Amino acid sequence: MTDSSTNMRLKLPITCFILEIILIILFGVLVEYDEDTDAKKFNKHFNTSMEHSDAENDFYYRYPSFQDVHVMIFIGFGFLMTFLQRYGFSSVGFNFLIAAFSLQWATLMQGFFHGMHGGKIHIGVESMINADFCTGSVLISFGAVLGKTSPVQLMIMAMFEVTLFSVNEFILLSILGTRDAGGSMTIHTFGAYFGLMVTRILYRPNLHKSKHRNGSVYHSDLFAMIGTIYLWMFWPSFNSAVTEHGDAQHRTAMNTYYSLAACTLSSYAMSSLTAHDGKLDMVHIQNAALAGGVAVGTAGEMMLTPFGSMIVGFLAGIISVLGFKYLSPILEEKLKIQDTCGVHNLHGMPGILGAIVGAVTASLLQSLNPTNNNLTFYGREASYQGGIQAVSLAVTLGIALIGGLIVGFILKLPVFGAPHDTTCYEDSLYWEVPGEEAGHEEQLTAVKSEESDKLNS
Amino acid sequence: MTDSSTNMRLKLPITCFILEIILIILFGVLVEYDEDTDAKKFNKHFNTSMEHSDAENDFYYRYPSFQDVHVMIFIGFGFLMTFLQRYGFSSVGFNFLIAAFSLQWATLMQGFFHGMHGGKIHIGVESMINADFCTGSVLISFGAVLGKTSPVQLMIMAMFEVTLFSVNEFILLSILGTRDAGGSMTIHTFGAYFGLMVTRILYRPNLHKSKHRNGSVYHSDLFAMIGTIYLWMFWPSFNSAVTEHGDAQHRTAMNTYYSLAACTLSSYAMSSLTAHDGKLDMVHIQNAALAGGVAVGTAGEMMLTPFGSMIVGFLAGIISVLGFKYLSPILEEKLKIQDTCGVHNLHGMPGILGAIVGAVTASLLQSLNPTNNNLTFYGREASYQGGIQAVSLAVTLGIALIGGLIVGFILKLPVFGAPHDTTCYEDSLYWEVPGEEAGHEEQLTAVKSEESDKLNS
Amino acid sequence: MTDSSTNMRLKLPITCFILEIILIILFGVLVEYDEDTDAKKFNKHFNTSMEHSDAENDFYYRYPSFQDVHVMIFIGFGFLMTFLQRYGFSSVGFNFLIAAFSLQWATLMQGFFHGMHGGKIHIGVESMINADFCTGSVLISFGAVLGKTSPVQLMIMAMFEVTLFSVNEFILLSILGTRDAGGSMTIHTFGAYFGLMVTRILYRPNLHKSKHRNGSVYHSDLFAMIGTIYLWMFWPSFNSAVTEHGDAQHRTAMNTYYSLAACTLSSYAMSSLTAHDGKLDMVHIQNAALAGGVAVGTAGEMMLTPFGSMIVGFLAGIISVLGFKYLSPILEEKLKIQDTCGVHNLHGMPGILGAIVGAVTASLLQSLNPTNNNLTFYGREASYQGGIQAVSLAVTLGIALIGGLIVGFILKLPVFGAPHDTTCYEDSLYWEVPGEEAGHEEQLTAVKSEESDKLNS
């Protein structure tokens, strides 16, 4: 099933080796331990009270959240995409590859934009979380093009997307002073619209020839549920991972927990309501039930209250199912956007909802917002901050769409080995694929020989 | 395979929407951040020493445990029940739905019973853990009725069970002063006997018509092992999640770790010993190996010692396998209790064992018990506390059985859309189910056409 | 498929019961809570400042790492080995059994060697981590003999291996003063070469008769990826779990994170490059991508820098894939080493690489090494410490190989019920195995009756 154009024997190794060697060189030149990971600096920094220094290392505030985020990136995103019947190896495997690349590249890009220290990038657990966040954005875009791109295309896409993500993040967080701890804008909206534009540019008029593989089978849907449930469970850690220590981290996790719970109920309700026979659709459950996490990504750290979070999650679930049911087919037919995982419904629209909720919460709920510096937005008026949040959404959409446009055209270069329209959603193009279960083959053989016996008798 | 009575198109959406809207309204009226999640309160509370306040937020003591418990609830319980060959979607999916509902409802019920603050329920990470605990009890009952109930029945059951759970928990923990950190009584005994009584009331004389689906296939047993292993690994976090900070949390986790390890060896031994050909039975491994966690749910926080924990776990494994092998068939035949997952063997008997171990440990081992206030039982005599623990078991059994009786009759109302006796354990009643693996279908097609060719030649 | 010799009905229960009862007795005689788990000791120890004592309990520094390690042991190792098409029950199930036994036995052996306190072994979260580490070593050896040993053989192997592991660990850590926080030598090198020697002694000349089962099917490879990804994600916790609190734990986790990321890219590159059609091989992805974690097991806590870690990971991935592709077939043909999981490529060679990197880092990079006592190696000269590290590798290899030789011969005793050469890699020898999927059987039945109809017409 492989022809010369999709053979990766030279393309993939060369891409991986060159990129990794560049990464290693740049790390050697630019990267240093920060004061919490460097033995000399950490001891010096806390030389007054050795007794308490260890517990105050940022590691103990953030490492459990980091590991939860890490699980979301590698198990959550990876297995969520295994719903395709013949693309499980690629879903988990390419997710693994591009995430491992992206987190290294993101460390450099984010370090570069978010402030060098004497020409050096200082890293620790917070930069590891941010690198994973940026990686998450790339994986959202991967969801839009899933099954239709070669691993080399994905590596190239990741390289550009990490860069543009970091530019956008820098503009929002450092220049505009936007609040977006859980990344409704920087991660979800950016990743979704970037990926949607890429898949638009890569439009395949004859994709229907691979249609019979663009769906799930019974067990592939169960594997996908592993991804869904891990994303759902650890989303409170995701949204709270880089908020301020203390009450902010605590509050963000709790708001997200209730938003997701409410979202789950509205997703199930809508999935059943929109089916002519009332049967639940796994696509909705696997995706829409997560929209509540996306939608409180900006406002979760604010004094949104569980009440507010539940309303947001409730709406997010409804919007997401409606998107899968009615909007996605229109986007594909009219706008020629072939969105394999429906990232527009899980990350796109809920991301925009999250941005709007964040802007409204920042501007209207001043009395509810806490008094410490970070949450009064660095001394700004609440209404001004609300405006900033709205502007940030527009900036994010702009950079994502223009970036996706350019990167989409780059990915069309034939050298990257994209699959043909007839071989999309097919692992065997890029993987050694073993046979089906021995048991079945034996049964089939048994059937055959039994029938043959009858014929011969 | 759906007829009008089991069609969920209106029943499920209406149930979910009404319940969620009620929840949102009650959260808006009743729920507030506690002092560790509210920005103003947290800063005010610790205004003397800002430097140390963040690390003392309860979040850092409990959030890692919370996430482990969360994994047990959604992955552990959810996947444990995927062992059925055609009920994987419902096992994971209904587990997800009723858990998302229960944790919200439990927040309100537990908050209401465990003390309002000026008319308000104050919530934080500890209340989130307690809500997950209550949810666990509902999921245990779900295991007893698995495959024989519609999602609407499950939602109604969850609503009543959460309420009764909270009443029982209030009587034990707040009125009687019972110690039950890991919930041998409040969670496991309650959930098991409530569920057993519900399944007794819902007795199906013709369930044998669905018998061919009431069993596992090779891969469904592997999915179930994901659930088992996660429950097993994180049970130390479960039992220690709401104990006192410091040594109590540490000790409880360790006692549970050794109890489970001993339980695993006795479960394997008994599974092999009770099979005529010595072959291990997946049902035992998936369930009995966990009984050690249940059985130290009460005494785990006490000075039970690893030695004592291992004895308890060892016995729990033996009892549990014997239950699956010899007691469950009797319960089904004589008492008409159709217990799909065998919750009596994993949660029922080990829960009672745990309650008894707790009573004995509290009453006899005074010298082994620590001297701080909480573990000398608020200044009570050890023997008195032992009596209280025994009374608590009786109260729990009473409320569970009477509650299950009433709720069982409520669930018999035909409006809830229960499956027929011939369509139990079947996903396609409530879910859009995709076909089997493409590969097989292709092979089957190949077989067919090959045979046809022969016939035609 | 069972004959009398492999029937486990008496052998397995007797082994489990005797071992567990011995364990319980020894725990009763020898084991005590340490000062962080004992209520009286912990309160007494910190009686000066009650306010801070709880947060300083070692539990809060190490328990999240412990749980990550625990997941690696039970899910990571367990599911990694489910790649075999008909050995999933045994892979997860025997992994579960021997791990539950090993962690109890390791608690005693490590406690005995690492210092008794007044004739008692004191235990807490750090000893739990160390017990899990020792268990990991046994599971590595299990990977070498996977599919070719009975559960009783595995229990006997575990009993001896835990003992020898503890001897070797004692010589290295306590006598020589070796640094090996992540266990490149003590865990990986030891486990791999011990297991390789055992499988050499158990050489099966007619193993080709089971060859058709010694491979994966599509879904078994996806189950294995669950194991791989969990090992990969949590390896930073593994390597940092028992390092010093504070910057050391932080630095080790970070170094491991970057080493693994670099290793993933080189593994993918080499897998594609060494395939004639450029297709990726799941065996490489499942294993080689993890070698980067093994290879920084010794040097990860030192001031290796992310730059150095990435170089090490990069090389480890290359070596590991080359080992799978070219060395393993030679080892099997020439040296008669039948290494089912290829542990030589994942743990053996990368473990040696890690030991060498550790020795070099310790000896050459003095200026990069931190100034606190532990990392200047207890006041030793860096070059001297480098020599010690090299000697430690030799000691480890010696004990592993001689130990494996002796234990291999013990395991050859026919009483342990090893499978025949024709029944290796087969679950049904030791497990009740359910049929394949109902759906398929129904389809097959449908095919059959359809054909019969044609024949009869």
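FYI, it's all coordinate maths here, none of it is from the lab. Values in this document were obtained by computation on a predicted structure and should not be read as measured data. Counting neighbours? That spans all protein chains shown, and the Cβs are built from the backbone with ideal geometry, glycine included.
Nearest 10 degrees, 0 to 90: what angle lies between the long axis of helix B:247-273 and the longest principal axis of chain B (Cα atoms)? Taking Cα atoms only, the helix is inclined about 30 degrees.
Each other copy places its own label point for C:ARG380 at 5.6, 5.6 nm from this one, sorted shortest first, where the point lies 7 Å along the Cα-to-beta carbon line. For the peptide B:417-429, the mean number of other protein chain Cβ atoms found within 10 angstrom of a residue's Cβ is 1. Note that the range A:329-340 has calculated 3J(HN,Hα) couplings of x, 5, 4, 6, 6, 7, 9, 6, 9, 9, 9, 3 Hz, one per residue in order, obtained from phi through the Karplus relation 6.51 cos²θ - 1.76 cosθ + 1.60 (θ = phi - 60°); glycine and proline are x. Checking the Cα-Cα distances for B:LYS209/B:LYS279; B:LYS41/C:LYS41; A:LYS40/C:LYS120; B:LYS209/C:LYS148; B:LYS279/B:LYS336 against a 31 Å cut-off, the pairs over it are B:LYS41/C:LYS41; A:LYS40/C:LYS120; B:LYS209/C:LYS148. With the highest mean first, a sort of the peptides B:163-175, B:137-149 on other beta-carbon atoms found within 10 angstrom per residue produces B:137-149, B:163-175.
Counting beta carbons within 10 Å around each of C:HIS245, B:HIS117 and listing the fewest first gives the order B:HIS117, C:HIS245. Electrostatic tally near C:VAL138: other residues with Cβ closer than 15 Å to its Cβ, Lys and Arg +1, Asp and Glu -1, net -3. For the segment C:240-250, counting C-beta atoms of other chains within 10 Å of every residue's C-beta and taking the mean gives 6. Is the range B:155-284 rounded, prolate or oblate when judged by the Cα gyration tensor, a ≥ b ≥ c being the square roots of its eigenvalues, rounded requiring a/c under 1.5 and prolate requiring a/b larger than b/c? Because a/c hits 1.5 or more and a/b fails to exceed b/c, the range B:155-284 counts as oblate. Please list, ordered by chain and number, the residues whose modelled amide H lies under 5 Å from the amide H of B:LEU146; skip anything fewer than 5 residues away on the same chain. Counting only residues 5 or more places away or on other chains, the set is B:THR340, B:CYS341. The same position B:ILE402 in the other copies lies at 7.1, 7.1 nm from this copy, comparing label points 7 Å beyond Cα toward the beta-carbon, shortest first. The C-alpha atoms of chain A define a longest principal axis, and helix A:349-364 lies at about 20 degrees to it.
Starting from the label point of B:VAL391 at 7 Å along Cα→Cβ, the same points in the other copies fall at 6.7, 6.7 nm, in ascending order. The order of C:TYR425, B:TYR268, going from fewest to most other C-beta atoms within 10 Å of their C-beta, is C:TYR425, B:TYR268.
Think of the axis that spins chain B onto A; the B residue whose C-beta lies nearest it, and the distance in whole Å, is B:PRO64, 3.
Working note: Karplus 6.51/-1.76/1.60 with θ = phi - 60° gives the range A:97-108 the couplings 5, 6, 5, 4, 6, 4, 5, 6, 5, 5, 4, 6 Hz, where Gly and Pro are set to x.
Amide H contacts of B:THR178 (H built 1.01 Å from N, in plane; Pro and chain starts excluded): B:LEU173 sit under 5 Å, all sequence-distant by 5 or more or on other chains.
Peptide C:86-95 shows a mean partner chain C-beta count of 4 within 10 Å per residue C-beta.
When peptides A:270-280, C:194-204, A:230-240 are sorted by average Cβ neighbour count within 10 Å, with the highest value leading, the order is A:230-240, C:194-204, A:270-280.
For the pair A:ASN206 and A:ILE21, label points projected 7 Å from Cα toward Cβ lie 3.8 nm apart.
Computed from backbone phi, the HN-Hα couplings of the range A:414-422 come to x, 5, 7, x, 5, x, 6, 4, 8 Hz, rounded to whole numbers (Karplus: 6.51 cos²θ - 1.76 cosθ + 1.60, θ = phi - 60°; Gly and Pro given as x). Annotation: amide H of B:TRP431 within the under-5 Å range of A:LEU280, sequence separation 5 or more or interchain, hydrogens built in the peptide plane. The angle between the Cα long axis of helix B:11-30 and the longest principal axis of the Cα atoms of chain B comes to about 10 degrees, rounded to the nearest 10. Rounded to whole Å, the principal axis extents of the Cα atoms in chain B read 93, 53, 44, largest first. Sorting the segments C:410-422, B:27-39 by their residues' average number of neighbouring beta-carbon atoms within 10 angstrom, most packed first, yields B:27-39, C:410-422. The mean sequence distance of close C-alpha pairs (under 8 Å, at least 6 residues apart), as a share of the length of chain B, puts its relative contact order at 22 percent. Summarising the overall dimensions of the protein assembly as shown from its C-alpha atoms, the Rg and Dmax are 29.4, 95 angstrom.
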